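Here is the structure we will look at, set down as structure tokens.
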Amino acid sequence: MNVSFKERVAKFWDLFSEKESEVRKMIDDKVETDTLIKYVDDLLSVAFSKAFFELGVNEDGKNELILTPEGDRSRLFQLEYWLKQVPEALLEKWNFYSTKPAKAKGDFTINMYDTSLSADSIVLYYNVDEKHQKVNLQVECPQLMKLEENKKYSMFFIYLDQLIGEAYTMEYIGSIDFVASSGKGFREIAAGDLKKLMDDTIVAQNWFKIENICERCAGYEMVPSKAKDWQLREDIYIAYSSCFPVLNAFYNKSTELFGNFYADGVVFGFLFYENINVPKDRMVPFRTEIEDQILTQAKSEGVADSIGGATGFYFSYMDFIIYDIEAFLAIAKEVLAKYKFKEAGFSNFIFGDTPMFFRD
């Protein structure tokens, strides 16, 4: 990894600012779709080793470039960062998205797998899970029931993304079951009314707002390892995260998730410091104090975002997605040096990876 994601994104926006008039002309001239897609894909390759995207013109005649994380929350952080760096001058003629937006109305049709899906061919039932801030769905649709399991879910998720928006699908949709008739505790709702129901529920029950999607966290508990040769993070007993795919990869000892991120100049990693001399009731406030100092600098320089934190019986941990590893480590070392920990350092989110210890 030679070029940071921060630098790659900056280069992309500079290039897109130069070439966007050509893209608009290609759209206006209705050039062959493959030609247009390849042209924009080549532009996006400056920032991304692989990008999933859509191009279009909305009802107001404004051009749109829509990137999608394909339902992957870890990818969402990267796309949100990309979106926040957009030059304001481009917004006069373009809309940019980090997830697929909802259609203005529910009156659209999807055709896949020799199957047509629209509001007229589907009946939806819902219930609201207040505790987990989710809307569970039951789907009654004879056309979908004829499809293989993976095709059935794939087509419905594509439909749902267009109906309510990809971010809503990722964050607020709970279980999805295909049924012949509604189950107990579920109420029927017209497909076109689902988005409004969710918006009203979010406000009425004060759910986490979608505008801060990457800040949504959940807590978890673990049983610390009793092994003498325990690895970093195996001492954790309580923690929180906003990016569980990274944790799942770590504890499953898998590195597959991180390949494309590394190619893009993105690093998932964590800082750690020994906490044995920190009073138990001060563990979390103390970690927050340190994290706030690091994040204040990291965010102002656009080099990292927090994705969680954890407390172990020996170390405390602060988790990050990092867009410029060299700049981030310089900030982290400077802040942690103030506390004169006997042991502190950084590790990639790879189980058993050799950590970098910070020395005075």
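What to note about this one:
- Test: residue in the stretch 13-33 that is under 21 Å from the mean Cα position of the chain (by Cα) and either part of a helix (DSSP H, G or I) or surrounded by 13 or more Cβ atoms within 10 Å (Cβ to Cβ) (or both): yes
- Of all residues in the stretch 177-190 being surrounded by 15 or more Cβ atoms within 10 Å (Cβ to Cβ) and either β-branched (Val, Ile, Thr) or modelled with pLDDT under 90 (or both), the one that is nearest to Glu80 (Cα to Cα): Ile189
- Cβ pairs under 8 Å, 6+ apart, first in the stretch 349-360 and farther than 22 Å from Glu334 by Cβ, second β-branched (Val, Ile, Thr) and open to solvent by 50 Å² or more (accessible area, probe 1.4 Å): Ile350/Thr255
- Considering each residue of the stretch 124-134 in turn, at least one proves to be in contact (Cβ under 8 Å) with a residue 12 or more places away in the chain and in contact with an Asp or Glu (Cβ under 6 Å, 6 or more places away or on another chain).
- In the stretch 53-99, residue modelled with the lowest pLDDT [restricted to those that are small (Gly, Ala, Ser) and in contact with a strand residue (DSSP E or B) (Cβ under 9 Å, 6 or more places away or on another chain)]: Gly56
- Residue satisfying all of: in the stretch 42-59; open to solvent by less than 60 Å² (accessible area, probe 1.4 Å) and part of a helix (DSSP H, G or I); farthest from Tyr97 (Cα to Cα) among these: Leu43
- The set of residues in the stretch 198-217 being surrounded by fewer than 11 Cβ atoms within 10 Å (Cβ to Cβ) and outside any helix (DSSP H, G or I) consists of Gln205, Asn206.
- Just one residue in the set Ile290, Ile331, Ile294, Ile321 is open to solvent by less than 10 Å² (accessible area, probe 1.4 Å) and part of a strand (DSSP E or B); that residue is Ile321.
The values are calculated or read from the model by the stated rules, or taken from the named source; none is laboratory data. Bear in mind the structure is a predicted one, so any value in this text is a computation, not a measurement. Cβ coordinates were reconstructed from backbone atoms using ideal geometry, including for glycine residues, and neighbour counts include every protein chain displayed. Calculation scope for accessible area: heavy atoms of the full protein, side chains included, ligands and nucleic acids excluded. Shrake-Rupley method; radii C 1.70, N 1.55, O 1.52, S 1.80 Å.
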